[in-house]
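Structure, as structure tokens:
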2 protein chains.
Amino acid sequence: MVKALADENRLRIIRSLAAGKKSVSRIVEDLGISQPLASHHLKELKRALLVTIERSGPFVYYELTDRRIVSILTELNELAAHLLATRKAF
Amino acid sequence: MVKALADENRLRIIRSLAAGKKSVSRIVEDLGISQPLASHHLKELKRALLVTIERSGPFVYYELTDRRIVSILTELNELAAHLLATRKAF
DNA sequence: AAAACATATAAATATATATTGATACGATGG
DNA sequence: CCATCGTATCAATATATATTTATATGTTTT
């Protein structure tokens, strides 16, 4: 699960999905990445159970399985900011 | 930072350090990994500001910079357990 | 059924990261 | 000062993962 989070593009996808359910093409234009790349990362997120799928016509909508992931990532972000701000040296 | 967490051995090191400051050799025997490998992972954790160093004679003690990382990892673990328990299919 | 669109998969490549084995460095005790 | 112990670094290798390009699959519309 942590590995699924350890990628810039997947974190961006999660951040994008925090606003709600989205189709693949919507994610593609939101992030400005190629469609196969988006598909690949969505597959990884799904494998980690972080997102769920919903088909509707030709569209496939992805949605966060559990919004707790967003708050956990927020905590991690705050911790990182704090560590950066208070570190002694580079 | 998430990348620093995305490794089995590094998670084990953090779990081990949750009990308190430890020397490299202590970590090596705790985890049963080679000394260079432990050194390598400790370096990564340090790079991510997750651990701090303290030298004492020939020993180098590593310590968690901030214990919040432990609770965040606990939350992640609980979320993972929950997602696994409630998933619809494999 | 053909065309158009949305998404997924496959193959190829590139890149990053983990691991091992050998060795260097630094501190300590004899 | 030499030997030893703890730790770090280096080089080599293995493995995993991201990215791209091309193509396949499935759905809708006409």
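Could you list, in sequence order, all residues of the stretch B:26-58 that are within 11 Å of DNA strand C (Cβ to nearest atom) and in contact with a strand residue (DSSP E or B) (Cβ under 8 Å, 6 or more places away or on another chain)?
Of everything in the stretch B:26-58, those that are within 11 Å of DNA strand C (Cβ to nearest atom) and in contact with a strand residue (DSSP E or B) (Cβ under 8 Å, 6 or more places away or on another chain) turn out to be B:Leu45, B:Arg55.
Of everything in the stretch A:1-21 that's small (Gly, Ala, Ser) and farther than 11 Å from A:Val70 by Cα, which residue is surrounded by the fewest Cβ atoms within 10 Å (Cβ to Cβ)? I'd like the intermediate steps shown before the answer.
Residues of the stretch A:1-21 that are small (Gly, Ala, Ser), as a first pass: A:4, A:6, A:16, A:18-20.
Next, only the ones that are farther than 11 Å from A:Val70 by Cα stay: A:4, A:6, A:20.
On the way: A:Ala4: 21, A:Ala6: 16, A:Gly20: 9.
So, considering only residues that are small (Gly, Ala, Ser) and farther than 11 Å from A:Val70 by Cα, the one surrounded by the fewest Cβ atoms within 10 Å (Cβ to Cβ) is A:Gly20.
Could you give every pair whose Cβ atoms fall below 8 Å, whose first residue belongs to the stretch A:2-13 and is at the interface with another protein chain (Cβ under 10 Å from one of its Cβ atoms) and of a type in the set (Lys, Arg), and whose second residue is in a loop (DSSP other than H, G, I, E, B) and within 13 Å of DNA strand C (Cβ to nearest atom), counting only separations of at least 6 or pairs across chains?
Within 8 Å, the pairs are A:Lys3/B:Ala6.
Name every residue in the stretch A:54-80 that is facing another protein chain (nearest Cβ under 10 Å) and among the aliphatic types (A, V, I, L, M), in order of residue number.
Once the filter is applied, which keeps residues that are facing another protein chain (nearest Cβ under 10 Å) and among the aliphatic types (A, V, I, L, M), the stretch A:54-80 yields A:Ile69, A:Ile72, A:Leu73, A:Leu76, A:Leu79, A:Ala80.
Values quoted throughout were computed directly from the atomic coordinates according to the rules given, and no laboratory measurement underlies them. None of the values given here were measured: they were computed from a predicted structure. No Cβ is skipped: glycine too gets one built from the backbone with ideal geometry, and neighbour counts run over all protein chains shown.
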